[in-house]
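Below: one structure, written as structure tokens.
Each reported figure results from applying straightforward, stated rules to the coordinates on display, with no laboratory input. Just so it is clear, the structure is predicted and the values come from calculations on it, not from any experiment. Ideal geometry is used to build each Cβ from the backbone, glycine not excepted, and the neighbour counts take in all protein chains shown.
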Amino acid sequence: MKKRQVVIRKQASQRASSSQIVRTAVRYAECQKNHAANIGGYAVDGCREFMAGGQEGTVAALGCAACGCHRSFHRREGDTEVLGNNS
């Protein structure tokens, strides 16, 4: 079973006395860390998707269980969705 970290943010914005709920889901895709940078080359490890190494809210959750890299080395993909009016 794959572990996937999805971050959801809700924002309420006022527009003509109505508020909209905006949901942003963030997903971390393939690892882009260059493992051969110190010798002047380019080589990635082939990790296709970030899998959190621990429970959400812990320091271990920022490390990838598959490749061991920090979450910031993985390509970030975000989806924004407007859910509608909430009056």
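What is the gain in length, in nm to one decimal, between I39 and D79 on full extension, counting 0.36 nm per residue of separation less the C-alpha to C-alpha distance? Present the calculation step by step, with values, prior to reporting the outcome.
On the way: separation 40, 0.36 × 40 = 14.40 nm, distance 3.65 nm.
The span from I39 to D79 would gain 10.7 nm if fully extended.
Is any residue of the range 17-42 close enough, with backbone N under 20 Å, to a label point placed 7 angstrom from the Cα of R71 along the Cα-Cβ axis, and if so, which? Only 23-34 fall inside the zone, counting backbone N under 20 Å.
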